[in-house]
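The values are calculated or read from the model by the stated rules, or taken from the named source; none is laboratory data. Everything numeric here is computed off the predicted structure, so don't read it as measured data. Quick reminder, even Gly has a Cβ in these numbers, built from the backbone with ideal geometry, and neighbours come from all protein chains shown. When the accessible area is computed, the model is the full protein with side chains, heavy atoms only, and any ligands, DNA or RNA have been set aside. Shrake-Rupley method; radii C 1.70, N 1.55, O 1.52, S 1.80 Å.
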Amino acid sequence: MQAPFQDRLARAAASAAGAGIDALLITPGADLRYLVGYQALPLERLTCLAIPATGEPFLVVPALERAAAEASGATDHVSLATHGETEDAFQLVARRLADALGGSPRSIGVSDRMWAQQVVRFTDTIGGATLSLAGDVLRPLRLRKLPDEVDALRVAAAAIDRVHSRMGEWLRPGRTEAAVARDIGEAILVEGHTSVNFVIVGSGPNGASPHHHVSDRVIEPGDPVVIDIGGTMADGYCSDCTRTYVAGEQPPSDFADYYEVLLAAQRASCAHVRPGVTAHSVDAAARQVIADAGYGELFIHRTGHGIGLEEHEEPWIVEGSQVVLEPGMCFSIEPGVYLPGRHGARIEDIVVVTDDGVERLDTIERELVVLGA
């Protein structure tokens, strides 16, 4: 993986220079993993990747994290500097940057999610430098996935699809949402993920809350159940897939009616995806089908979100977004309909924009399935 990381670092430095930014300061998070492959712990001790617009990038870590940084392979791509418990890590970064740039930086891009405490320390240490968000520079790099990243997301999608294919083992009347969720969580790991990001089991009225997680509610015969699950693979890429099932017997007729509308909306939105269209229009393709059927006010969230090294990242598939889709962009398409106090449904696939259209990475059945009869 050395070549991809070297290329990413070079493109990040060039993008910073093009934006008039002298250096990027990247603390633990998805950007750091994207640039050097290091999934660092977000500690009170400073870990920071510095990418000067000119000169060589370097990574500053606490001395006790040296072994972890080296084991990650990050030091194959950047030089490493460590700081002890009583050393000022912010001064260390400032000195190294000044050496690389031939003087103190005048403008710095900091990680979008850098702790405020660290932002203040850098502001005090590198006096006079203007601050901006590194995400403005890195976003275009991460937005369009390269083939190796799409392959990683394809593997993650296949792994979460295998979990959905086993749902009949666990989802049935008489069990609690919490019990079903425990089984699902174990299966997410068994099927190849290294961590469980979330498990939503929303039965009956709980399915009308899009971000319900789990409860001790006992699943009843005929309950629609929203199952939204995702995890992270060893390479850091994420899965996210939602299916709605019915437990034990046929669902209420009004649910079956709007589920067919939802399925048509999800298909329409996926079919609309291709290079050159806007994120807004992908959202509108789903929203129009649902609105035309009289359920528009019951679709209460955006149609989708980007995915990669983060479960939620850009592009946002939402009304008003004028982001123009390009090959390699990966995101969810997940319209939903929610009847407060009764039930709800959502269908979600991860898709990738191809050169001439779209590929669904999740392929598990989307038709309504009755389980545990």
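Observations on the structure shown:
- Note on the stretch 187-244: among residues that are crowded, with 24+ Cβ neighbours inside 10 Å and among the acidic types (Asp, Glu), the one that is nearest to GLU348 (Cα to Cα) is ASP240.
- Among the numbered conditions (1) in a loop (DSSP other than H, G, I, E, B); (2) in contact with a Leu (Cβ under 8 Å, 6 or more places away or on another chain); (3) open to solvent by 10 Å² or more (accessible area, probe 1.4 Å); (4) farther than 22 Å from GLN322 by Cβ, the only one that GLY276 does not meet is (4).
- Selection count, the stretch 324-337, where residues are part of a strand (DSSP E or B) and crowded, with 23+ Cβ neighbours inside 10 Å: 6
- Helices (runs of 4 or more DSSP H) contained entirely in the stretch 14-110, each with at least 3 residues that are open to solvent by 40 Å² or more (accessible area, probe 1.4 Å): 66-71, 89-101
- Of GLU310, GLU359, GLU319, all but one fail to be charged (D, E, K, R) and in contact (Cβ under 8 Å) with a residue 40 or more places away in the chain; the exception is GLU310.
- Qualifying residue in the stretch 237-244 (condition: among the aromatic types (Phe, Trp, Tyr), under 30 Å from PRO28 (Cα atoms) and touching a residue at least 24 places away in the same chain (Cβ under 8 Å)): yes
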